[in-house]
1. Evaluate E = 1/(1 + (r/R0)^6) for LYS15 and LYS125, where r is the Cβ-Cβ distance and R0 equals 25 Å; express this FRET efficiency to the nearest 0.05.
2. Calculated FRET efficiency, ASP261 and ALA76, Cβ-Cβ r, R0 51 Å, to nearest 0.05?
3. When a/c reaches 1.5 or more, the comparison of a/b and b/c decides; with that in mind, is region 174-253 rounded, prolate or oblate per its Cα gyration tensor?
4. Going by alpha carbons, how many degrees (0 to 90, nearest 10) lie between the helix axis of 175-185 and the longest principal axis of the chain?
5. Per residue, how much accessible area does region 1-152 have with a 1.4 Å probe, in Å²?
6. For ILE116, enumerate residues with amide H under 5 Å from its amide H, sequence gap 5+ or separate chain, H modeled in the peptide plane.
7. Pairs LYS26/LYS75; LYS80/LYS185; LYS80/LYS163; LYS75/LYS163; LYS178/LYS250; LYS80/LYS165: which exceed 18 Å Cα-Cα?
8. Residues with amide H under 5 Å of ASN62's amide H, sequence separation 5 or more or different chain, H placed in the peptide plane at 1.01 Å from N; which?
Amino acid sequence: MCKISVVMSAYNVEKYVYEAIESVLKQSFSDFEFIIVNDGSTDDTLSIIRSFKDERIKLIENKHDFIESLNLGMKAATGKYIARMDADDIMHIDRLRIEQAILEENPDITVCTSWISPFGEGIPKGTINRTISGIVKSPLLHLLRNNLFFNPTSIMRSDFIRKNKLKYEYYDFAEDYKWWVEMAKAGAIFYIEPQSLLYYRISESQVTNRFKYKMTETSIRIKKEIIDFLIASNNNLFTELSETLTVFYKLKTNNLLSEEDIIRFFHVLFTKNEIFLTTDDYRYK
């Protein structure tokens, strides 16, 4: 069994996929398999993938269904760890070496991600997108504000994923956000490495640019699910939480509150009372 399974889905990325694959194969850490799922590409993506003769590459072909392709790749992984990659990005040469070392040295950490270096037209050279760093305390509270984990920098423990039967779900243009929420609900411990380990391509053709409205809509749906989960987890002690949510939605029906207003309120409430509302030690006394 290899140490790491790198999982990447590729759909019509003929302009970028060669660089993406090359950056994985040139990693300073070499004990990995590279699972590439061709997601029903209609351009030259498949022929470019096939041009590589590295025995570490395992090619899976699928009809165009991004979520199913991701899950096929995850299911095929045999490594102790699973590292995600996107087919238009470029790995830092030491990414796998650094991330697997963190998980090896810290058995309590479930997921490791890092900062990223965006690149593309109009982006100054040397730009780094930073979030918080180190162990992420109360990840659901962070996720209730926004998705702070850069998916194509992630490496995860395979046994945790299998034990909790986690799969990517059909959440339009926010499947990675939903994935992290489900990981957090299952008790994953997150760590963010405070350096850039991925060159993240910015282009007009990206899903994040083309479908911003739909992504925002799906993100609101996910945040509502986080609130529902936290309320249900604390319902034995604080029945007022569900009652408050019911009242707020009545106010929303009468256009006195927006969805965003409700989310902001509960984020502040849970953050101010974090020790009481988000820890198992308190809830089940």
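1. On the way: r = 20 Å, r/R0 = 0.82.
For LYS15 and LYS125, the calculated efficiency is 0.75.
2. Numbers: r = 44 Å, r/R0 = 0.86.
My answer for the efficiency is 0.70.
3. Values: a/c = 3.76, a/b = 1.57, b/c = 2.40.
Oblate, because a/c is 1.5 or more while a/b does not exceed b/c.
4. Helix 175-185 and the main axis of the chain meet at about 60 degrees.
5. Values: 6900 Å² over 152 residues.
Here the residues of region 1-152 average 45 Å² of exposed surface.
6. Result for ILE116 returns ASN129.
7. On the way: LYS26/LYS75 24 Å; LYS80/LYS185 22 Å; LYS80/LYS163 13 Å; LYS75/LYS163 13 Å; LYS178/LYS250 27 Å; LYS80/LYS165 16 Å.
Over 18 Å Cα-Cα: LYS26/LYS75; LYS80/LYS185; LYS178/LYS250.
8. Here the answer is ASN38, GLY40, since their amide H atoms fall under 5 Å of that of ASN62.
The values are calculated or read from the model by the stated rules, or taken from the named source; none is laboratory data. Bear in mind the structure is a predicted one, so any value in this text is a computation, not a measurement. Glycine gets a Cβ as well: all are built from the backbone with ideal geometry, and neighbour counts include every protein chain shown. All accessible areas refer to the heavy atoms of the entire protein, side chains included, with ligands and DNA or RNA removed. Shrake-Rupley method; radii C 1.70, N 1.55, O 1.52, S 1.80 Å.
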